[in-house]
Amino acid sequence: MTMMKAARLHRVGEAMKIEQVPIPEPGQNDVLVRVRSCGIVPNLGNILANWTTWFPELPLPPLPAVFGLDPAGEVVRVGSHVHAWAPGDRVYVNPGLYCGGCRACRKGDLINCTHYAFSGYFGFSQNSLKLYKNYPGGGLSEYMIAPQYALVKLPDTVSFNQAARFGYLGTMYSAMRKTGLGPGKSMLVNGISGTLGIGGALFGLAMGVTKILGTGRDKKLLERVKALAPDRIEVFSITDQEPLDAWAKQQTGGLGVDVFIDALGPGAQHETLQQGVRALARGGRAVNIGAIMGLVGMDLHTMMDDQQSIEGSAWFTAAEGQDMADMAAAGTLDLSVFEHVCSPLDQVNEAISGIAQRNGGFSNFVINP
């Protein structure tokens, strides 16, 4: 039996252990990937330490388990029913797992699959546990198996470290696609200088959004975001006294923004999200992708009168991931802004604990197994 090195979590709240485990065997519709990079993000610490307390209805993979949400590497073996992929292909592995047989899957509404799960992270219902029997491990290991539907082909111009950031970038991209953002449109991103929010600036530029507004706390980081395109990006620090919605309407001739995307995570104050919704133009759409916690009050009467809406967007498809790779190949998506902070697999626990010391969304924390 051929073995590999992997980081496994045995109990929530404890450090992961570096162990030797068997290299998994791909099924007929699967590929075996040699993992070269696996992104780690601030929320991973919450998953490993608090998940069963915060969200007991969302199951983790059965422990001990290999975590790791954002793997990229090379295909080394393919199953007998795999025809579009070959050993040597450079790929990003979208961790979104779906069953393929439920009504949502048969309609192509893959993220609303009744069994939907994140490989190497958590599931969205108890049905997810069935998918973990087929795909139990994530990217914090030397090798992993993945269904062929999860792969994104990487151009030579996208490094494995850059691809390991696709998860949070894709979350933003999918939300923006849902709202129809593009030329002639305006958007406001709450937390634009953060790990999740910075994708709003990058994709706003790549997709031709006319006016990109963004909020954050750190004024130096906000100025770095604005410097990406000073003529199209305007930034606002929520430490200032002016209400966010008043500022956003000043920037849009009093009309408000077409789209508001909230990218702040659990623990963020509700007020900035509420102000962002109040900043919407008539017919505007708000999307929450940051997973703010708790019950948030909304002025539904005004939203009705102005035909506004608010929705959640959880992830992105492999097809959308391929869009991102293609935009990077074409030069419209600039991934050079990221500063990679790389660690070997043996130092995964230290790397996770050090994520708090980051240069906002510009820092990209990566494990290289």
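Computed quantities for the displayed model
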read-out	value
Neighbourhood charge, 15 Å Cβ-Cβ cut-off, centred on Ala7 and excluding it, Lys, Arg +1 and Asp, Glu -1	-2
Computed E for Lys178/Met1 - FRET, C-beta separation, R0 30 angstrom, nearest 0.05	0.10
Global geometry of the stretch 225-314, whether rounded, prolate or oblate, following the gyration tensor of its Cα atoms and the 1.5 cut on a/c	oblate
For a label point 7 Å along the Cα-to-beta-carbon line of Val296, residues of the stretch 192-208 with backbone N under 18 Å	192-201
Anisotropy class of the stretch 215-256 from Cα gyration tensor, a/c 1.5 cut	oblate
Number of Lys pairs (Cα under 13 Å; 8 or more positions apart or on different chains) in the chain	4
Cleavage-rule hits, trypsin sites (Lys or Arg not before Pro), the stretch 1-51, DSSP coil, Cβ neighbours within 10 Å at most 15	Arg11
Local electrostatic count at Ser159 - Lys and Arg +1, Asp and Glu -1, tallied over other residues with Cβ under 14 Å	-2
Centre separation in Å (Cα based) which lies between the stretch 231-245 and the stretch 41-107	37
Inter-centroid distance (Cα atoms) of the stretch 298-355 relative to the stretch 197-230, Å	13
Sum of side-chain charges, Ser309 neighbourhood, beta-carbon under 15 Å (Lys, Arg +1; Asp, Glu -1)	-2
Pair His81, Glu14: separation of 7 Å Cα→Cβ label points (nm)	3.7
Anisotropy class of the stretch 12-160 from Cα gyration tensor, a/c 1.5 cut	oblate
Check: the chain dipole with +1 on Lys, Arg Cβ and -1 on Asp, Glu Cβ, in debye	460
Furthest towards positive pole of dipole, Asn349, Ile192, Leu213, structure part the chain, Cβ charges	Asn349
Gained length - His340 relative to Ala49, 0.36 nm times residue gap less alpha-carbon distance	102.3 nm
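We did not get these values from a lab; they are worked out from the coordinates using the rules stated. From a predicted model like this one, the values you see are computed outputs, not experimental measurements. Please note: Cβ atoms are built from the backbone with ideal geometry, for glycine as well, and neighbour counts cover all protein chains shown.
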